[in-house]
Amino acid sequence: MKKFWLFLPLLILVGFAGVTAFLLTKDQDLHMIETGRVNTSAPVIPDNLALPLTDSDIPAFDDQDLRAHAPVIVNIFASWCVPCLAEHPFFTRLEREFDIPIFGIAFMDQAEDTRNWLEEQGNPYQAVIMDSQGYLAIEWGTVGVPETFLIDHEGIIRYHHAGPITAHEFEDIHTLYQGLYLDRPR
C-alpha cells in the first residue's frame, strides 16, 4: 500500500496532462487559426507601405489593383519560411492552370532574398510588395507566415487560412474562387 502512495502524485500528474491535452485539441483543426477576418473588409494598403521589390521587373500593388483584378488571392510569405516553400507549388498551379490572380506580401524579408527565391522557385505572383518591418502583416492580422486570403470584388475577405496550403485547402480555394468569379460584376 505504501508503494501506491508513492506513485499517486505521478499518476495524478499524468492523468491531468492527458485530460488537458485532450481538451485543448478536441474538435480543433490545429492547422487553422481563427482570426475573425472572414467576411470583413480587407485592410487598406497604405501607399507608404506598398514598397516594390527593388531591382526587379515584378510590379508592386495597392488596393486598387486588388479590386481591379478581384477576386484575388493575397499570400503573405517569406523566402526564409519553410512552410512557404512547401505551399509554393499550389500557388504556381493556381496561377498557371486556372489563371487566378495572386498577390504576394513578402514578410520580414530582404528584397534580394525574395527576388532570388522567386527566381529559383518560380513566380506565381502578379505583383509583390515588401513588408520588411512587418507593418502590413499587423494590418492584416497575420499571426505568422504563410497566410492566405481570398478577397472578393467588394474587398471583403471570403477565406483566410493561417499556415501552409495543402491539397485540401487548394481545393477549397479553387472552389471558392470559381464561385466568386462567377458572382463578380461584369
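Just a few scattered comments:
- Two-site FRET efficiency, ASP63 against GLU171, from Cβ-Cβ distance with R₀ of 35 Å, rounded to 0.05: 0.80
- Taking amide H atoms as placed 1.01 Å from N in the peptide plane, the amide H of ILE100 lies under 5 Å from those of GLU95, each 5 or more residues away in sequence or on another chain.
- 5 angstrom amide H check on GLU147, placed H, neighbours 5+ away: ILE76, GLY163
- Proportion of all alpha-carbon pairs of the stretch 128-186 beyond 20 Å (%): 35 percent
- Extension gain for the segment VAL143 to ALA86, taken as residue separation times 0.36 nm less the Cα-Cα distance, is 18.7 nm to one decimal.
- Structural descriptor for the stretch 33-183: relative contact order 33 percent, calculated from alpha carbon pairs under 8 angstrom and at least 6 residues apart.
Values in this text are rule-based calculations from the coordinates and carry no lab data. Since the structure is predicted, the reported quantities are computational estimates derived from the model, not experimental observations. Note that each Cβ is placed from the backbone with ideal geometry, even for glycine, and that neighbours are counted across all protein chains shown.
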